[in-house]
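The values are calculated or read from the model by the stated rules, or taken from the named source; none is laboratory data. Just so it is clear, the structure is predicted and the values come from calculations on it, not from any experiment. Using ideal geometry, Cβ is built from the backbone for each residue, glycine included, and neighbour counts are taken over all protein chains shown.
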């Protein structure tokens, strides 16, 4: 079985992991996770697990899908994922999976923030619901690739909603609203359209931590 790691990509992964250690100590990421109440060591652990988890997809089910339509070059992502699985031939069905780094970990961390921040359920409902609605109407399926949306929309919306609802706890509310809002609005609500994407595999939260959910959470907290 061929290795899922391309040597050059794996080297970039190691370099990025080392840079993250420096960023946690001295960079903007320290500010973000300090707002969320995490120590530098805890923040680095969370980032490391999220990065590794972005390469792990947990299979859920197979769906019958339509024949893929090849995307134009302009539809290809500008920043491909560092860790990618080997390309699979499309055989008329799509493997639906859940990405660990882009879905499971952000969702669990959001639950942690909710339980330790004292945020009201109504604030969470309004924050997550607003970002989910905007993410749903702004995202679109890209045949052969997945769901695409403007990267700045969700963090800006999450920060503004958090500041309006609860300025004192805007950081955790912005993170929860941004991450869960994108997962619900851009991924879960578009599940019925997966059959038309013509992709051999589709992962909830599978855009990758560092080009999707990760940036949404970080930018939302920075702006809040």
Scan segment 57-75 and tell me whether some residue there is surrounded by 15 or more Cβ atoms within 10 Å (Cβ to Cβ), at pLDDT 80 or above and within 29 Å of residue 142 (Cα to Cα). yes
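Do you know which of the residues in segment 89-112 that are over 24 Å from residue 178 (Cβ atoms) and not in a loop (DSSP other than H, G, I, E, B) is modelled with the highest pLDDT?
Narrowing segment 89-112 to residues over 24 Å from residue 178 (Cβ atoms): 89-95.
This time we only want the ones that are not in a loop (DSSP other than H, G, I, E, B), so: 93-95.
Numbers: 93: 72, 94: 75, 95: 79.
Here the answer is 95.
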Can you find even one residue in segment 127-147 that is assigned to a strand (DSSP E or B), touching a strand residue (DSSP E or B) at 6+ places or on another chain (Cβ under 7 Å), modelled with pLDDT under 65 and surrounded by 12 or more Cβ atoms within 10 Å (Cβ to Cβ)? yes
